[in-house]
Amino acid sequence: GSAAHLLEPDLKEGSGGLRDVHTLGWAARALTDGGWVDGLVSLGALRPRERDALADAEEYLTRLRGALHVETGRKTDRLPLELQPALAEAMGFEDEPGLPAVDGLMRATFEHARQVEHAVRLAFDRLLSPGSAVRSGEAEPAEPLDGFEGILEALAQAAESGRALLPVELDRIEATDPGVAERWSPGMREGFLRLLRAGRDGTRMLEALDRAGLLVRLLPEWGPVRCRPQRDPYHRFTVDVHLLETSANARALLDRGATDDPVAVEAAGAVEEVDGLLLGALLHDVGKTGEGRHVPVGARVAAAALDRIGVVGRTRELARFLVEDHLLLSDTATRRDITDEDLVLGVAARVRDQERLAALYLLALADGRATGPHAWTPWRSGLVRELVAKVQRVLERGQMGDEAADRLAAREREIREALAGEPADAVELFLARLPRSYLLAVDAERAARHFGLLDSPLGLTEVRTLTGPGEGTGTHALAVVTRDRPGLLARIAGALALSGLSILSAQVFTTEDGVAVDLFEVEGAFEREVTEERWRSFRALLRKAVEDRVSLEHRVREKRSYYRPPRADIPLKVRVDNESSDFFTVVEVSAADRIGLLYDITQAFAELGLDVHLAKVATYGVRVVDAFYVRDALGERILHPARVGEIERAVAARLGPAEELEQG
């Protein structure tokens, strides 16, 4: 990988690392008598300032690698996230406004590695390209281009032809001093948009512009995100590289034959303002400047950038909307109850029309793919597509109330058809017992499988389960039916954790006569295959937990002690939200993943006397963001500030020291 933008770079073997510096030194010794890279300067393969940048980079990277060896006590070259704070201190970095010391360390690392990458590329292009002035011995000063218009035109021509920049073109760009672009000319704007429309070939040209130090002069708003690391563990790249990747991904998705996602294919055909989508993708995280929450900051910074570029009308409107709402679909789908009609209506009101919904979906997909493998899993993409379908129906029909009633009646008909072989009165009783939320959330085929779990009376501590294939690859659907009781979800979560099963999602329902129907999507936590023996072990443990014959608290703590502790650099956040639902309080918890995390959270709720209606579990690598729809013992939302504070403190006390809590 590249030491210039991966968040855990290899200082020696990564592109832009010490191996590349040494390669240039070897080339110099082979080709000249000058030794090291001075000989390449005499050949014209490097400019003096490029040589000086290489010398600075070698000194810095060698010093950092030495500090890494001292810190670890062994020869190692990869710079892991957990060691970066200690190395920042060892290297003398200090906190600055908007830039913690650890980010200063990584920013300097990426800057030096990019200088190495740039110098290596230039040197070998000048040495090896056919017709090169270095090879022919005819090196002359490069002729400057006509400011930014000339630079962007040269880059656009190369991108549109799908070729790399020629050494002479790179030299001409290097020789051009275009100043700072306070406001763009129409020619500059069109040249820049041509680069975005060229997709990945265009973003490579923007990277070349960045290596030459000109992108921040063209777009000063790029400066604060350039080489800035991201502390979310599911991100692979620096902020600026992530933005370029997202823009390239968005452009690729517009080629309707380039993806097998049918929703993306349909969305690509609905987007007419292509430039608005590409600009929104390029700027969506431009607010990650260390000033505060990145979405509101990004909306302000993006507006200034669009003013500078001179984008107006529908293109500007779409780009700004995408920056302001780029998290709307993914956050809503993974953290909120998308069977809630009012929630879907609220999303539809924010989106407003079909083109904006299509662009928002394409951006969510492009953003997820540019982030990392944990950011766009099949399970998460399925939730987002389901939300998009619901919002699309609202936009097409203009309302939802009648549709929900129609859907409820249609679902009941489908369940009756699926249970045609069962006694009609038993089927009607089954439908009458189930809450409306269950009928809207669970498809007819799955509901029919649950019929047998509810067909006969339950004993006081009896537990019935049903397992089957889940919606995602390698996942399993689990239904648990038993008498509802305080803390039931915590007992199920604890039994699953002890059985080596991770919960991906949970839906909690209670029938009219007090029977819990709890539905889970799970996967193997350590071994992907879940055998029947493991299911038997889970069922036995759950029965003991329901009958209070086992201490889950002790067992979970004991099991956790055998594994590595959770990542200390992931802050614990607890946020209580009374705006997202009219009937429930939403408690959102962001924390480092660990064994029994869901058990700890739900046990805290049980001790507070809170009833959990729905759990949405979103896992991003080693970080988890869980959302819970809860009510108190009287079925009311939790509105009193003192009670809200009690929830935050109780959950935080369960998950870590109180001082670690970062208020959401």
Segment residue 425-residue 643, length gained on full extension (0.36 nm per residue, minus Cα span): 74.0 nm
Antiparallel bridge percentage (DSSP; both residues within the chain; nearest 5): 95
Rough spin-label spacing in nm, given labels placed 7 Å along Cα→Cβ, for residue 56 and residue 352: 4.6
Cα gyration tensor shape for the stretch 424-509, rounded if a/c is under 1.5, else prolate or oblate: oblate
D_trans [Stokes-Einstein, Kirkwood Rh over alpha-carbon pairs] for the stretch 517-630, 37 °C, 0.692 mPa s, µm² s⁻¹: 206
In degrees, nearest ten, helix 424-433 long axis to first principal axis of the chain (Cα): 60
Sites residue 163 and residue 212 - FRET efficiency at Förster radius 30 Å, r taken between beta-carbons, to 0.05: 0.95
Along the chain, longest interval not containing exposed chymotrypsin sites (Phe, Trp or Tyr not before Pro), exposed being DSSP loop plus at most 15 other Cβ atoms within 10 Å: 1-525
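Please compute the length gained on full extension between residue 33 and residue 86, using 0.36 nm multiplied by the number of residues separating them and subtracting their Cα-Cα distance.
14.9 nm
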Total formal charge among the other residues, if their Cβ is under 9 angstrom from that of residue 569, Lys/Arg +1 and Asp/Glu -1: +1
Shape call, the stretch 454-560: gyration tensor on alpha carbons, a/c limit 1.5: oblate
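So what is the accessible area of the stretch 460-601 per residue, in Å², with the probe set to 1.4 Å?
46
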Calculated FRET value between residue 143 and residue 42, using beta carbons and R₀ = 22 Å, to 0.05: 0.45
Neighbour-limited loop hits for trypsin sites (Lys or Arg not before Pro), the stretch 49-111 (at most 11 other Cβ within 10 Å; DSSP other than H, G, I, E, B): 74, 75
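How much net charge surrounds residue 332 when only other residues with a Cβ under 14 Å from its Cβ are counted (Lys, Arg +1; Asp, Glu -1)?
Taking every Cβ under 14 Å from that of residue 332, the sum is -3.
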Kirkwood hydrodynamic radius of the chain, Cα pairs, Å: 27.9
Whole-Hz couplings from phi, Karplus 6.51/-1.76/1.60, listed for the stretch 260-271; x for Gly and Pro: 9, 7, x, 5, 5, 4, 5, 5, 4, x, 8, 8
Cα gyration tensor category, rounded, prolate or oblate, for the stretch 327-465 with a/c compared to 1.5: prolate
Total lysine pairs under 22 Å (Cα atoms) in the chain, excluding pairs fewer than 8 apart on one chain: 5
Net length gained if the chain between residue 529 and residue 99 were fully extended (0.36 nm per residue, minus Cα distance): 150.4 nm
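The values are calculated or read from the model by the stated rules, or taken from the named source; none is laboratory data. Bear in mind that the values here come from a model prediction, so they are computed numbers and not experimental data. Every residue, glycine as well, gets a Cβ built from its backbone with ideal geometry; the counts of neighbours run over all protein chains shown. Heavy atoms of the whole protein, side chains included, go into the accessibility calculation; ligands, DNA and RNA do not. Shrake-Rupley method; radii C 1.70, N 1.55, O 1.52, S 1.80 Å.
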